[in-house]
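The values are calculated or read from the model by the stated rules, or taken from the named source; none is laboratory data. In this text the structure is predicted, and so the values were computed from the model without any measurement. Methodologically, a virtual Cβ is constructed for each residue, glycine included, from the backbone with ideal geometry; neighbour enumeration extends over all protein chains shown. The protein model used for the area step is the full one, side chains on, heavy atoms only, and it has no ligands, DNA or RNA in it. Shrake-Rupley method; radii C 1.70, N 1.55, O 1.52, S 1.80 Å.
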Amino acid sequence: MKQNRQEIEKAVGHIFQPGKLVDITEPVNLIQNKWGLYNSLGLFKPEYGTQKVVELSRTHETVSILEDVQWDGRKPTLPGVNHDYSLFKIPHFPVQDMITPQDLDGNIDIDALMRGEISTPLTLQKVMYEKLERIRRAASLTLEFARAQVIRDGTVYAPNGTVVTNYYTEFGVTRDVINLDLNNITVNPFGKMDEVYGAVQDSVMDGDIYSDIVALCSPQFFQALVSNPYVVEAFAAFQQPQSVDILNQRLGTVAPLDGRYRVFHYGGIEFIEVRGGVGGQPYVTPGEAYVFPRGTSSFRTHYAPANKFASVNQTAQELYLFSSTGEKDDKIELEGETNFMNSCVRPQIIKTLTMNP
């Protein structure tokens, strides 16, 4: 049964300021902004393995055309197909937490208090839920950051060096860097769009031609592009929603992205502004953009099973959560782990765009 406002104020006053009345407001949680662009784009195909090591095989095939010979001549053969194989160890990301009697003893449920329920004690179920939810958020953020890293520089996220993998080094290719010179008011960036578009298509190497090409842009790069005088002048001549937005509104977004992300279609490429980062490391290096085709099988996330007897040689899950009560009934141990490796089996498809020479 809900209590009246005066009783709530007295309860809060009793807790924090004995003998005093105070007003209460809605609680405020200070949490960093959560950006989920890389997870939302659906670029990475999940692969659930049974081992902690994954083998990536690549087939190199030369596309050939036939040549004519005399009717009684020797029939030529097609060039052979070459294969290469690489072994990669999947990084292990464990985390642990604990609930002790002190977490509950004498502690009131603040959320219940806000609902008008006085003196409701904090329950074990709620404390466990909150701690497990924090583990889930951390695992999701780790996956997002790791996917951003493999697109940013072609390396596997393993900050403590337990795994050192660079797909450019592994496959013997280099990343192309194309400068758009966006701050040069004498150069029309549209002339570079065909170069960028063609460079991406030529490097796909899966037998198909892709027209859906995206560029993930730092805020600095995106702003320089949409404010370039040649771009603004060109869109002033078109009557379409994007023209109105670039001239006097804020550019909007497209599905499946939400309103936090600005999107700009230009030169056949979908430019997406990427904000945010983790621990001072932005998802996209300031002043750069990374362009690549969408819809290929080049991006994958390989999951490995948990480091537990019950999971040995079993199909992996994306996240594991465990709890166990201490023998002395004085603690509950919480464990979580996620074991994954993001890969780009065709790293040459990613091009870096710069805004200045």
Convex hull around the C-alpha positions of segment 291-357: the volume in Å³ per residue is 155 Å³
Measure of exposure for PHE190: accessible area at 1.4 Å probe, Å² rounded to 10, is 110 Å²
Filtering GluC sites (Glu not before Pro) in segment 56-145 by DSSP loop and by at most 12 other Cβ atoms within 10 Å leaves GLU67
Sparse-neighbourhood loop hits (trypsin sites (Lys or Arg not before Pro), segment 274-343; DSSP loop; Cβ within 10 Å at most 11 others) -> LYS328
With +1 on the Cβ of every Lys and Arg and -1 on the Cβ of every Asp and Glu, the dipole magnitude of segment 129-180 about its Cα centre, in debye rounded to the nearest 20, is 220 debye
Taking N as the number of residues in segment 135-198, the ratio of its alpha carbon radius of gyration to 2.2 N^0.38 Å works out to 1.61
For segment 283-357, listing GluC sites (Glu not before Pro) in a DSSP loop whose Cβ sees at most 11 other Cβ atoms within 10 Å gives GLU327
Over all pairs of different Cα atoms in segment 43-112, the reciprocal of the mean inverse distance gives a Kirkwood radius in Å of 19.9 Å
In Å², rounded to a whole number, the accessible area per residue of segment 155-210 with probe 1.4 Å is 57 Å²
Here, segment 95-166 modelled as identical Cα point scatterers in vacuum has Debye log10 I(q)/I(0) at q = 0.12, 0.14 Å⁻¹ of -0.54, -0.63
